[in-house]
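Here's the structure we're looking at; comments come further down.
The values are calculated or read from the model by the stated rules, or taken from the named source; none is laboratory data. Bear in mind the structure is a predicted one, so any value in this text is a computation, not a measurement. Here Cβ is always computed from backbone atoms with ideal geometry, including for glycine, and neighbour counts include all displayed protein chains.
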Amino acid sequence: MWNFLPIRILIGKKRKMQFKITKKNRRLGRWDYGSNAIYLVSICTEKCVPYLGVVVASQNIATLQKTEIGKCAENCINEIPNHYNFVEIIHFEILPNIIYLILKINKSVQDKSWNVGNFGPQSMNLGAIVRGFKIGVIKFSIQQQIVFCWQRRFFDRIIRDESELNSIKKFIAKQKKLALTNKFFPKNINELIQNQLK
């Protein structure tokens, strides 16, 4: 959702009204993102550049070939439960410019380091998990001297029941199918590199 905030600018002796576009906070108010729940997270690359993979056609079959960044992202997703023992990865899909991740936060009642609704260190919630994942991929790109950047924010949705989970999985499968037929994505690694250098 976009908000338009009016800004008065004084130019010479005339005053003009301009509008500045601001982004609304997309987080659900009063929800503790460290709470036990199943979440859908989508993380985009900056400006939706297809850094994560390329669509390769062979014998009339289109497949997604992950770049080194895409492979690193997959490894980092699989490593999340090793860093956060209360997280279970339910499903994920890596597309050329976006990652869809469904994860479950399931903290035990005995976990004393987490208090529901209390503000404190942001290390046991959804934001911390996503931040840690993004940092892992960025660190790899810097070490390998690969041009790469994430969008600053991420989208999330709290999945409330099995029916919604199944609908979201179908949506992700549809997005993958669209990505494989989309002419926007480069068809080979060389084209991807050339696009990055422009």
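Answer yes or no: is there a residue in the stretch 65-79 that is in a strand (DSSP E or B), at pLDDT 85 or above, surrounded by 13 or more Cβ atoms within 10 Å (Cβ to Cβ) and not acidic (D, E). Yes, there is a match, as at least one residue in the stretch 65-79 is in a strand (DSSP E or B), at pLDDT 85 or above, surrounded by 13 or more Cβ atoms within 10 Å (Cβ to Cβ) and not acidic (D, E).
Out of all the residues in the stretch 61-93, which are of a type in the set (G, A, S) and more than 22 Å from T45 (Cα to Cα)? Listed by number, the list is empty, since nothing qualifies. Only one of the numbered conditions (1) farther than 27 Å from Y51 by Cα; (2) at pLDDT 90 or above; (3) basic (K, R) is violated by K169, and that is (1).
Among the candidates V137, V147, the residue that is within 18 Å of C48 (Cα to Cα), touching a strand residue (DSSP E or B) at 6+ places or on another chain (Cβ under 8 Å), hydrophobic (A, V, I, L, M, F, W, C) and at pLDDT 90 or above is uniquely V137. Of everything in the stretch 83-106 that is farther than 17 Å from K66 by Cβ and in contact with a Ser or Thr (Cβ under 8 Å, 6 or more places away or on another chain), the residue that is surrounded by the most Cβ atoms within 10 Å (Cβ to Cβ) is I105.
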